[in-house]
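Each remark here refers to the structure printed beneath this line.
The values are calculated or read from the model by the stated rules, or taken from the named source; none is laboratory data. Bear in mind that the values here come from a model prediction, so they are computed numbers and not experimental data. A quick note on method: Cβ atoms are made from the backbone with ideal geometry, for glycine too, and the neighbour counts reach across all protein chains shown.
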């Protein structure tokens, strides 16, 4: 045996070592996009805590203001105001925030489904930005007292998944991804549950008949 | 679009540029991951992790090396760390000395030689195997290997030489196969 012959033979023979199949580009890309969306999502929720703190404070301030405005006895002292208004004001603030969020989410999902059913080539682009915003709010809602309600928590978790999928849609609007989102909406009755949870009003009424 | 422009667009959050960057490099990253892992599922996992990390860290890429070298450095780091954790790979790993002992048993046909060669490569120490796979199997240059693994090109050459010597010793029983 000679070193030269071996070194000529070796690279040729080694080409079969762990010979890779064709690169599964699309499948890996979808997973990468999903992983990145999930990470971005966590960063959005955990990173700028201050921004959310300010948001929560604003909502609570609105609730407190409404609570004060609803006090009918102008001579009531600060102690009486706190005793009567503090918890209901917070509850009202959460209700307002939840109502606004549910209405916006309902409008987004209804619009998304209607467009994808109409065979639009790429229904993802115009919805993905809104979905990202709502996704962040969903996490906020899941961390709020609203999630103490088991039914609402389940709905929020389903919405989190659906919104994450929509947020990942690329401009090309992959039909399989859109189909998968719509299947998820159907199977989990997300829109029905969302409408049940949404307060009655112009927002909900406006979307009726769109499906 | 040149690489610098592509990187700038990815940093600015351009989804199409992200996909273009992925398309330009995914084949080589996946091939390298597969060659090191020998398992499709692990190779996919390593490739995905490589791109997720690359997109996250692209802001810190200073352009001192080529983007492909930077990506391959992430890929080898992800793959080698992942393989240390992967029990499946450990179960398949054959100690080089064991392989040498088996080699004395009998000569066999070409398919058996290739199987034995694969076992012998699996049994190389990690550093040798990585350099061998990158150079002799995937065709990286010593300069590229050095930049990817953070070693001198000379070290890469020395490791390749030792890897080949170990393989030659392990496969000594099959000498006739390559001489002919």
Exercise. What single numbered condition from (1) facing chain A (nearest Cβ under 10 Å); (2) crowded, with 22+ Cβ neighbours inside 10 Å; (3) not in a helix (DSSP H, G or I) fails to hold for residue B:136?
Worked result: (3)
Seminar exercise, completed: Heads up, the helices (runs of 4 or more DSSP H) in segment B:1-70 (entirely inside) with at least 2 residues that are closer than 29 Å to residue A:18 by Cβ and in contact (Cβ under 8 Å) with a residue 40 or more places away in the chain are B:15-37, B:40-57
Problem set entry | Subset of segment A:1-29 (residues that are at pLDDT 90 or above and farther than 19 Å from residue B:136 by Cα) | A:22, A:23, A:24, A:25, A:26, A:27, A:28, A:29
Seminar exercise, completed: Flagged in segment B:153-180 as outside any helix (DSSP H, G or I), more than 9 Å from chain A (Cβ to nearest Cβ) and either under 19 Å from residue B:38 (Cβ atoms) or at pLDDT 95 or above (or both), in numbering order, are none
Problem set entry | Cross-chain or 6+ apart pairs with Cβ under 9 Å, segment A:13-26 first and facing chain B (nearest Cβ under 7 Å) and surrounded by 16 or more Cβ atoms within 10 Å (Cβ to Cβ), then at pLDDT 90 or above and part of a loop (DSSP other than H, G, I, E, B) | A:17/B:38; A:18/B:38; A:18/B:39
Seminar exercise, completed: Filtering segment B:128-148 down to residues that are in contact (Cβ under 8 Å) with a residue 60 or more places away in the chain and more than 10 Å from the chain's Cα centre (by Cα) yields B:144, B:147, B:148
